[in-house]
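Written out below as structure tokens is the structure these notes cover.
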Amino acid sequence: MTWDQDALRAQFCQALSEMYKSEVPLYGDLVDLVRKADAEAVKASQKAQTADAVDPDDVLPSRNRVERHGAIRLGTAYELSTIRRVFAVMGMYPVGYYDLSAAGFPMHATAFRPRTREALARHPFRVFTTVLRVELLTQRTRDLARRALGRRKIFTDRLVALVELAEKHGRLGPDECREFVVEGLETFRWHSRATVTMDEYRVLREEHPLIADVVSFPGCHINHLTPRTVDIDSVQKMMRDRGMPAKERVEGPPRRQCPILLRQTSFKALEETVYFRDAGDAFVKGSHTARFGEVEQRGYALTRKGRQLYDRILLVVNDESARRNANAAEYETMLAEYFKRFPDDMAQLQSQELAYFCYRLTHQSLGEVKDGSMTLSQLLESNTIEYEPITYEDFLPLSAGGIFNSNLGEASLSKQLVIEADADLDGFQRMLGTSIMDEFHLYERMQRDSLENCREQLGLDEIIF
Ligand code: OOG
Ligand code: NI
């Protein structure tokens, strides 16, 4: 068998999904709802063509069915740089920097994910990975965190050995791949026995619930695993109809003809029984709230210009809804109203350079050879070239913030300190041991490569964008 990173990533994600299903059965229910909602959405859009039952698997791109993102929270530079090496074995690399301090979280993050169109199409597994900024904690909490984190080991020795092997040989054999999945799962597994005492947990929690979640356990349990749907409003309705503890509204942009970026909703974190050490090293029963369920719908990747427009509109909506103390329904109305400023038409998104697209030759143009240079709009007008939107493969910190908030309630002694902190990309990259790739750069490259392909096939010297 040949070395296939994409297959290893797919296997790992599948195994993680099975593990999480057994840990959090509500996650399994949510995956079922997504399947139902997608089947209905596909059926509705095909009603004109056929009266037969449709299987969404036959209609949706295969990646949609298996697509998941997860999230983990780490404590130290060693943990971050090691998880980077683990993910690299599966073809997942750090893309994008997310500063969460502005929302009051003493953490920053990146997303590990595949980078190329081909790898994303084969399996787009991604993991949002945050790391604690200990320098933003109060002295007492910092000491506690350092002590607890210094004692734990979140990777098995065998996993680290397999990573070293993969780095040395540039591949793993079939047996090693199977072992890698088994050993890797251990890092993400839930542990109900805390490494701290209940008093220590309380101190951590009082400063911020997320600090307690990062510091108190022997592993970095996956805190949610998110399936992708094509109709999030329908999933949201189903969740609420079934009495799942769903959030009041879907986060992110409103429903549109041309979906952009990312829309997400979630059900609230579960209260779970955990055991804390007491002074005599026996275990006492307590509880912890961290793991939740989430679902996402992905739309077009926006250019910097598009993203700025999106951020501006959202800021106005958030300001105004805060001023008016708007409820969920009022917020929804405001969102729809203000987003009328964001073109909802594929041709406008393309011509105004608000979103990224992949270009290709139309059927009628195949084989045609032209000379010299032509502008992209000439080629579009003459129906020589067509385009399709590039999917947004990243995250939305603001909506992540919303999800964090809804799951963790009120908090924080040192919140002001955190909110006033600056982003620290350099510090993050030092902990990571490598640099982070800029997500806009990746989308731009996909767009450019697709145009370059067209240019070559048409035999042109240049396509003027
Ligand atoms: C990460 C939250 C970020 C998302 O979907 O935006 C995230 C966390 O809760 O640790 O997963
Ligand atoms: Ni998420």
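The values are calculated or read from the model by the stated rules, or taken from the named source; none is laboratory data. Since the model is a prediction, treat every value here as computed from it, not as a measurement. Neighbour counts are summed over all protein chains in view; Cβ atoms, including those assigned to glycine, are modelled from backbone coordinates with ideal geometry. Note: accessible area is taken over every heavy atom of the protein model, side chains too, but ligands, DNA and RNA are not part of it. Shrake-Rupley method; radii C 1.70, N 1.55, O 1.52, S 1.80 Å.
Below are the figures for this structure:
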quantity: Positions within the range 260-289 being part of a loop (DSSP other than H, G, I, E, B), more than 19 Å from G28 (Cβ to Cβ) and within 16 Å of ligand 2 (Cβ to nearest atom), in sequence order; calculated: L261
quantity: Residue in the range 272-290 that is crowded, with 19+ Cβ neighbours inside 10 Å, touching a Lys or Arg at 6+ places or on another chain (Cβ under 6 Å) and not polar (S, T, N, Q) present; calculated: no
quantity: Hits in the range 179-196 - residues which are more than 16 Å from ligand 2 (Cβ to nearest atom) and either of a type in the set (A, V, I, L, M, F, W, C) or within 15 Å of R146 (Cα to Cα) (or both); calculated: F180, V181, V182, L185, W190, A194, T195, V196
quantity: Close pairs (8 angstrom Cβ cut-off, 6 or more residues apart or separate chains): within 13 Å of ligand 2 (Cβ to nearest atom) in the range 212-236, among the acidic types (D, E) and in a loop (DSSP other than H, G, I, E, B) anywhere; calculated: P227/E67; R228/E67
quantity: All helices (runs of 4 or more DSSP H) inside the range 139-217 with 2 or more residues being of a type outside the set (K, R) and open to solvent by 10 Å² or more (accessible area, probe 1.4 Å); calculated: 139-151, 157-169, 174-188, 198-207
quantity: Test result for E332, farther than 13 Å from L458 by Cα, in a strand (DSSP E or B), of a type in the set (D, E, K, R) and out of contact with any helix residue (DSSP H, G or I) (no Cβ under 8 Å at 6 or more places or on another chain); calculated: no
quantity: From the options R263, R240, R304, R298, residue that is open to solvent by 50 Å² or more (accessible area, probe 1.4 Å) and touching a strand residue (DSSP E or B) at 6+ places or on another chain (Cβ under 6 Å); calculated: R240
quantity: Verdict on A329 being surrounded by 16 or more Cβ atoms within 10 Å (Cβ to Cβ) and not charged (D, E, K, R); calculated: no
quantity: Count of residues meeting criterion [in a helix (DSSP H, G or I) and under 19 Å from C220 (Cβ atoms)] in the range 102-135; calculated: 1
quantity: The range 115-132, residues that are charged (D, E, K, R), in contact with a strand residue (DSSP E or B) (Cβ under 6 Å, 6 or more places away or on another chain) and open to solvent by 10 Å² or more (accessible area, probe 1.4 Å); calculated: R115
quantity: Sole exception among (1) part of a helix (DSSP H, G or I); (2) within 30 Å of F112 (Cα to Cα) for S435, by number; calculated: (1)
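Conditions (1) at positive phi; (2) within 16 Å of ligand 2 (Cβ to nearest atom); (3) more than 13 Å from the chain's Cα centre (by Cα), marked per residue:
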{"residue": "S62", "(1), (2), (3)": "no, no, yes"}
{"residue": "E67", "(1), (2), (3)": "no, yes, no"}
{"residue": "I72", "(1), (2), (3)": "no, yes, no"}
{"residue": "S81", "(1), (2), (3)": "no, no, yes"}
{"residue": "V89", "(1), (2), (3)": "no, no, yes"}
{"residue": "M92", "(1), (2), (3)": "no, yes, no"}
{"residue": "M107", "(1), (2), (3)": "no, yes, yes"}
{"residue": "V127", "(1), (2), (3)": "no, yes, no"}
